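The values are calculated or read from the model by the stated rules, or taken from the named source; none is laboratory data. On a predicted model such as this, the values are computed, not experimentally measured, just so you know. Counting neighbours? That spans all protein chains shown, and the Cβs are built from the backbone with ideal geometry, glycine included. Keep in mind that these areas ignore ligands, DNA and RNA; they rest on the heavy atoms of the full protein, side chains included. Shrake-Rupley method; radii C 1.70, N 1.55, O 1.52, S 1.80 Å.
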Amino acid sequence: MISVNGLCVEFSGKTLFKDISFVINENDKIALMGKNGAGKSTMMKIIAAKEKASRGSIQYPKEATIAYLPQHLLVDDHATVFEEASKAFEKVLRTKQEMDSLNKELETRTDYESEAYMNIINRVTELGEFYYALEEVNFDAEVELTLLGLGFKRDDFNKPTNQFSGGWRMRIELAKILLQKPDLILLDEPTNHIDIESVIWLEDFLINKAKAVLVISHDIAFIDNITNRTVELTMGKIYDYKANYTHYLQLREERRAHQLKAYKEQQKFIADSERFIERFRGTYSKTNQVSSRERMLEKLEIIEVDEVDTSTLKLRFPPCNRSGDYPVIVDTLSKSYGEHLIFDQASFAIERGEKVCFVGRNGEGKSTMIKAIMGEIDFEGTCKLGHNTEIGYFAQNQASLLDPSLTIFETVDNIAKGEVRNQLKNILGGFMFSGDDIDKKVSVLSGGERTRLAMVKLLLEPVNLLILDEPTNHLDIKSKEVLKQALLNYSGTLILVSHDRHFLKGLAQKVFEFKDKRVLEHFETIDAFLARNRIEHLKEIDLSK
């Protein structure tokens, strides 16, 4: 059991949160929720002992292991993937090596009565208690199974980690955390860099094998599936619910309704009291009653109603020209990089107005296919756009194409046309840019902020084919809902690459699966596809032991 006691964090005289106390029990799976800026990541860093609170403390059991996966991680090393993941067992291996070394020393020593000899005996006993209490584990097999579950292939195991992108290196750190089997796993947006199959594998691991888990995530399906408790951080306080996210939303609404009722009653009491005081102040017979009510009002603790987003932003794409019947036609398309075949003889057509998603493990060719459609790479076969097709394309590198000299508002104001110009501030607010933020220069924005701004810019352009490659990675739940509603109302053709199942639900009418060098077309929703494939995937991972 880990105890959080009276935490308070203050920055430059402002209080982020105060008097925060709660307990993390052995098998709790907790979602830490709250709007951006509420202090969720700060709270997690304090529990992970990466930052210090202004006041308060965290109490850990002796020998407790806390593992933390931050949102942004820079790994710089030259070990192989397998070697780096195996570092999860360094403590165990060091224990075994020290124990073996000390036992060997005891075999040669003869000073049985000396203090030094007894110290060695005590140390061997202490190490043995820890080591022999562990389950017997085939370390190599555990590493292999975890890496496969997180999307690595056996061919990757002996490659240096510096050959992999930031997202893949994040997976290596995640593998190390899972292999340690810690008492508490702290995860800050863990699904941002992994595909749907790996998210499903991670869910099963956290549900069935992990002890306590505290997670920050905007992936509703993920947190709904793994959590049994929700801790909300709002207005500097916390509320603790024994419920997953969806149930928590209902309970929060009920709580706010009670707060609002109590607040209105209190405001009526205050108004009545003030009228009484004003009316009878100076009246001798009422002096005691007036004084009593004044003291009561001075001591009264004003009821606060939790802040809630009541905005009803409805964003619609601007009108666009009508495309031909088939905006995208792919025929016997093959792509290789040197000896490495990505996909072979892919053939499909996407009709006007269809909303489809590309799914498959990272590296199976989803982004490569998009680059072929965009005409950014060479390939064998045919890939052509239909008549009058106008493409709007969002990829992670879109953020780097923004003009750094412009402000946030200028970036969108330069391309907005028609009535939507009157909504620009509301639209920016829907994507977490509010108040004075809109006057910031693009040059000072973080990577996540630039990505969100690039998304807003795209939504204001009149196009009839939208291609979105992982559009939700840097969006909060509210922003994702704004985007999803806009896409549901979008009359053009949509190609989506996303690992966010809740976001895809209701959007994708057809699934293109990239697997084993092929592109398979499935005439079903993403939910039906995942339900059918979940057991097959888990069996596949199990058989690869």
Regarding segment 262-276, can at least one residue be identified that is within 30 Å of GLU481 (Cα to Cα), in contact (Cβ under 8 Å) with a residue 24 or more places away in the chain and open to solvent by less than 40 Å² (accessible area, probe 1.4 Å)? no
On the basis of being free of Cβ contacts under 8 Å to residues at least 40 places away in the same chain and crowded, with 17+ Cβ neighbours inside 10 Å, does MET99 make the cut? yes
Are any of the residues in segment 483-494 touching an Asp or Glu at 6+ places or on another chain (Cβ under 7 Å) and without any contact (Cβ under 8 Å) to a residue 60 or more places away in the chain? no
Residues of segment 145-164 being more than 14 Å from THR80 (Cα to Cα) and either among the polar types (S, T, N, Q) or in contact (Cβ under 8 Å) with a residue 60 or more places away in the chain (or both), which ones? LEU145, THR146, LEU148, GLY149, GLY151
Go through (1) open to solvent by 30 Å² or more (accessible area, probe 1.4 Å); (2) at pLDDT 85 or above for GLU419 and report which single condition fails. (2)
Identify all residues within segment 337-360 that are of a type in the set (Phe, Trp, Tyr) and either without any contact (Cβ under 8 Å) to a residue 40 or more places away in the chain or part of a loop (DSSP other than H, G, I, E, B) (or both); write none if there are none. TYR337
Considering only segment 478-493, I want to know if a residue exists there that is modelled with pLDDT under 85 and either acidic (Asp, Glu) or open to solvent by 20 Å² or more (accessible area, probe 1.4 Å) (or both). yes
Go through segment 494-530 and give me each residue that's under 20 Å from the mean Cα position of the chain (by Cα), assigned to a loop (DSSP other than H, G, I, E, B) and surrounded by 18 or more Cβ atoms within 10 Å (Cβ to Cβ). SER498, HIS499, ASP500
For segment 426-458, what are the residues that are in contact (Cβ under 8 Å) with a residue 24 or more places away in the chain, assigned to a loop (DSSP other than H, G, I, E, B) and not aliphatic (A, V, I, L, M)? PHE431, PHE433, LYS440
Kindly indicate whether any position in segment 128-151 is surrounded by 12 or more Cβ atoms within 10 Å (Cβ to Cβ), at pLDDT 80 or above and not in a helix (DSSP H, G or I). yes
Only residues that are open to solvent by 40 Å² or more (accessible area, probe 1.4 Å) and either assigned to a loop (DSSP other than H, G, I, E, B) or at pLDDT 95 or above (or both): list them for segment 361-379, please. ASN362, GLY363, MET374, GLY375, GLU376, ASP378, PHE379
Within segment 1-83, considering only strands (runs of 3 or more DSSP E) that don't extend past its boundaries, which have at least 1 residues that are buried (at least 20 other Cβ atoms within 10 Å of the Cβ), at pLDDT 85 or above and not acidic (Asp, Glu)? 2-11, 14-24, 29-33, 66-69
On the basis of being open to solvent by less than 80 Å² (accessible area, probe 1.4 Å), assigned to a helix (DSSP H, G or I), in contact (Cβ under 8 Å) with a residue 60 or more places away in the chain and under 28 Å from ASN5 (Cβ atoms), does ILE238 make the cut? no
When you scan segment 186-205, how many residues do you find that are in a helix (DSSP H, G or I), closer than 17 Å to LEU496 by Cα and either in contact with a helix residue (DSSP H, G or I) (Cβ under 6 Å, 6 or more places away or on another chain) or of a type in the set (Ser, Thr, Tyr) (or both)? 1
Would you mind telling me which numbered condition in (1) free of Cβ contacts under 8 Å to residues at least 24 places away in the same chain; (2) over 24 Å from LYS484 (Cβ atoms) ASN397 fails? (2)
Only one of these is at pLDDT below 85 and not aliphatic (A, V, I, L, M): ASP195, ASP183, ASP188, ASP155. Name it. ASP195
Can we say PRO404 is touching a helix residue (DSSP H, G or I) at 6+ places or on another chain (Cβ under 7 Å) and open to solvent by 60 Å² or more (accessible area, probe 1.4 Å)? yes
Taking the options ILE277, ILE270, name whichever one is part of a helix (DSSP H, G or I), on the phi < 0 side of the Ramachandran plot and in contact with a Lys or Arg (Cβ under 7 Å, 6 or more places away or on another chain). ILE277
Return the only residue of MET170, MET118 being hydrophobic (A, V, I, L, M, F, W, C), open to solvent by 40 Å² or more (accessible area, probe 1.4 Å) and out of contact with any Ser or Thr (no Cβ under 8 Å at 6 or more places or on another chain). MET118
Taking the condition of being part of a strand (DSSP E or B) and either among the acidic types (Asp, Glu) or modelled with pLDDT under 90 (or both), how many residues in segment 284-336 meet it? 1
Outside any strand (DSSP E or B), more than 30 Å from HIS340 (Cβ to Cβ) and open to solvent by 50 Å² or more (accessible area, probe 1.4 Å) - does that describe any residue in segment 459-471? yes
